[in-house]
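Enquirer: If you scroll down you'll find the structure; I have some questions about it.
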Amino acid sequence: MPYLLAIDSGNTAIKWGLHNGNDWHEHGNVAQNQRVLLSQIWRDVPEPSAIIVSNVAGPSAESALLNLFAIWKAIPHWISAAADQCGVKNHYSNPAQLGSDRWAALIAAWRMKQQGCLVVNVGTAMTIDTLSDRGEFLGGIILPGFELMKQVLAHQTALLTLKEGRFQDFPINTADAIHSGIVHALTGTLDHMYTLLSTYLGRDTINCIISGGGAALLLPYIKIPTMSVDNLVLEGLKIIAQEKPEIA
């Protein structure tokens, strides 16, 4: 049975999945600073006949992955955003500059919904991307994710620390004030983008698909209709591979 290994190499973690043509046979998630663990993990899975990778973690991550792939015969395919692929049209001023993870997520979202929607990933950074009813990537925004915002506050101010906080409507201590402020910032931005896209599309209700390691923290406070999807980037990579005979 041929297997496809799909890899989402992000700033913080490497997510991977092994697909057998019908279903995901196996999934995994390893921190970038512990990627050496993949050497042992991957020795215990079926050998993939094809490998597809989205890497936004830079040359060092790419080099490390290439070394890990050496145990197999398959030659990895590293994706980048295209002007038009799998039904999605890329309106970025320079299509190739769009992050490969964002591109794969957009393709997965379009295949799932086939209509205009928000595509959100909450990781080291939070991205909110927009799709039209014709499968056009209209554009999107990038802002710091929860932990990154918290670290900036702690490192760039004299009296704020990295203490754990919790969400409160009216925080009465500094840790809760930071935690609540960041949640408001991220969910408020999402609300605003939802309003912008729904106005553009001419309807009150649109889909919002959210993924990423930080999504669970925000979900209780998101008021717009939202569907959480695990491993949205991997789903997109699978779709790209299935439509490219030279990969699959």
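The values are calculated or read from the model by the stated rules, or taken from the named source; none is laboratory data. Just so you know, these numbers come straight off a predicted model, no measurement behind them. Using ideal geometry, Cβ is built from the backbone for each residue, glycine included, and neighbour counts are taken over all protein chains shown. Ligands, DNA and RNA are excluded from the accessible area calculation, which covers all protein heavy atoms including side chains. Shrake-Rupley method; radii C 1.70, N 1.55, O 1.52, S 1.80 Å.
Enquirer: Just one of the numbered conditions (1) open to solvent by 70 Å² or more (accessible area, probe 1.4 Å); (2) in contact with a Gly (Cβ under 6 Å, 6 or more places away or on another chain); (3) charged (D, E, K, R) is not true of Asp176; which one?
Expert: The number of the failed condition is (1).
Enquirer: Moving on to the next point. Every residue in the range 71-94 that is touching a residue at least 24 places away in the same chain (Cβ under 8 Å) and part of a loop (DSSP other than H, G, I, E, B), please.
Expert: Selection gives Ile71, Trp72, Lys73, Ala74, Ile75, Ile79, Cys86, Gly87, His91, Tyr92.
Enquirer: When residues of the range 188-228 are filtered for being surrounded by 14 or more Cβ atoms within 10 Å (Cβ to Cβ) and in a loop (DSSP other than H, G, I, E, B), how many remain?
Expert: Looking only at that region, the number is 7.
Enquirer: Check Trp42, Trp24, Trp78 and return the single one that is aromatic (Phe, Trp, Tyr) and either within 18 Å of Leu232 (Cβ to Cβ) or loosely packed, with under 13 Cβ neighbours inside 10 Å (or both).
Expert: Trp24 is the lone residue from the list that is aromatic (Phe, Trp, Tyr) and either within 18 Å of Leu232 (Cβ to Cβ) or loosely packed, with under 13 Cβ neighbours inside 10 Å (or both).
Enquirer: Every residue in the range 105-129 that is open to solvent by 10 Å² or more (accessible area, probe 1.4 Å), in a strand (DSSP E or B) and not small (Gly, Ala, Ser), please.
Expert: Across the range 105-129, the qualifying residues are Asn121, Thr127.
Enquirer: Residues of the range 16-41 being out of contact with any strand residue (DSSP E or B) (no Cβ under 8 Å at 6 or more places or on another chain) and assigned to a helix (DSSP H, G or I), which ones?
Expert: Asn33, Gln34, Val36, Ser39, Gln40, listed by residue number.
Enquirer: For the range 224-248, what are the residues that are of a type in the set (Gly, Ala, Ser) and at pLDDT 95 or above?
Expert: Ser228, Gly236, Ala241
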